[in-house]
1. Go ahead and estimate [θ] at 222 nm for the chain from helices alone: -39,500 (n - 2.57) per DSSP H run with n ≥ 4, summed, over the residue count, rounded to 500.
2. Can you give me the C-alpha center-to-center distance between region 20-37 and region 373-397, rounded to a whole angstrom?
3. Distance from the Cα centre of region 311-332 to that of region 146-209, in angstrom?
4. If each residue's Cβ is checked for other Cβ atoms within 10 Å, how do 28, 190 rank with the fewest at the top?
5. Loop only per DSSP, at most 11 neighbouring Cβ atoms within 10 Å: give me the trypsin sites (Lys or Arg not before Pro) in region 159-245, ordered by residue number.
6. For region 275-481, I need the span (max minus min coordinate) of the C-alpha atoms along each principal axis, in Å, sorted largest to smallest.
7. Between region 439-482 and region 222-269, how far is it from one alpha carbon centroid to the other, in angstrom?
8. What is the dipole size for region 219-280, taken about its Cα centre, with +1 at each Lys and Arg Cβ and -1 at each Asp and Glu Cβ, in debye to the nearest 20?
Amino acid sequence: MKLNRANITPALPKRPIKIVQFGEGNFLRAFVDWMIDRMNKTLDFNAGIKVIQPIDRGMVDMLNDQDGLYTLYLRGLQNGEAKSEHTLIDAIQGGLNPYTEHEAFLALAEEEELRFVISNTTEAGIAFDPNDKLEDKPQNSYPGKLTALLYERFCHFEGNKDKGLIIIPCELIDENAVRLKEIVLKYANLWNLGADFLRWIEESNYFCSTLVDRIVPGYPRDRMPEITEELGYEDNLVVEGEFFHLWVIQAPEQVQKEFPAPEAGLNVIYTDDIRPYKKRKVRILNGVHTVLVPVAYLYGLDAVRQSVENEVCGRFIQKAIDEEIIPSLDMDKEELTAYSKDVLERFSNPYIHHLLLSISLNSFSKFETRVLPTILAYVEQEGKVPARLTFAMAAMLYFYRGKRNLEDIPVNDAKEVMDLMNREWANVSSSLEFEGLVKNVLAEKAIWKMDLNEVDGLADAVTKSLQLIHDQGMNKAIENML
């Protein structure tokens, strides 16, 4: 049996379109749409979602084939026990492809009950395209499409102040709503849409920056035969996610009243400053990932779960968190400890096989944004370099040597990073030359935004760890360091 509304009993409610969603991918369906579904079923939020395909190729046809329905599997550890559950999500009322249904797309602006715009168009999606024009059908960029939709709404309702929208982007860039609003205003000026429209954008619409957090592996292709048998219907849009979820929204009280997600038991936090939550996630969750990759992979491990559950690597990571990362953060220590516990439990999810090599891409830029700020904060606070994080930096340099024992490592990074590391390792004929390699790499301001040789003790600590790894191998080096 194919999944659609005709085959589901009892009949599912038809809900008014209150949300326009740019993006039909796995993350939005496993995160935002699941939350809307929960709010509909527990709070009588009664919000229907119309999904907009943001690029000319996408999945709205598949979504419409199933009348917007799909099944979400949540799988992971809860209180230390493995658990799996599934839910039929019915919040989506259909999708539109603005490249083939442009008039229908603009007609959404006339929806009386429309109140929210939510998006996830990838990090590159919130970008200005100077070639976009108001008369395009549609505009190339997401902000261009959004500006056209907002202008259509402004015109249709004759500038009614009550018909503005709450715009909540989920793209993974800093101050995503600030950037989106800047581009919308830029288009409004470029297209000469008038002072009244500019004022309406500013005074009648809310642009809310966010931080989103849930691991979403996506479509479980290898499990589909057993899933189809369990469900009793064919679902081409099954999506998997972990139980953990966090959505931090920087918004005024009015938005909180209109989008009461916490009342549905959802881990949605409203704040007037999203930056501490961003810092916590980047430094702990993302930072631990970045630290873990070279250390655990050179130790002989291949997956995240395997690494955090390994006695030696697990202890290394725990000490790095407890003794170096958390002390460097100017936030409540109990809250940070609880968050880090959640992170490690998520990394131990038996249902997610997260390969270390899959998150090793562009490790230098990741280290610069996720780990280096912790090292610098720790040095400023403690007057010395953090032992485990500098060891991880040395491990990363050794990882870029491209060998795990006799096995080649498929290292992948920006061309300038690969050229630098290939050149430096080609010049090393003995461990006596490690000092020069470290100094040359740390001096690259284009990578680190500063000359890291100026950080007292850092070059010496990284050089010693690099030599230790080379002379003893990662297994003995990490054990001796611990």
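Values quoted throughout were computed directly from the atomic coordinates according to the rules given, and no laboratory measurement underlies them. Everything numeric in this text was worked out from a predicted model, so none of it was measured. Counting neighbours? That spans all protein chains shown, and the Cβs are built from the backbone with ideal geometry, glycine included.
1. When only DSSP H runs of four or more count, the value is -13000 deg cm²/dmol.
2. First find each Cα centre; the distance between them is then 38 Å.
3. The distance from the Cα centre of region 311-332 to that of region 146-209 comes to 42 Å.
4. Listing 28, 190 from fewest to most nearby Cβ atoms yields 190, 28.
5. Loop-located and lightly packed - none at all.
6. Here the spans come out as 47, 37, 33 Å, largest first.
7. Going from one Cα centre to the other spans 42 Å.
8. 580
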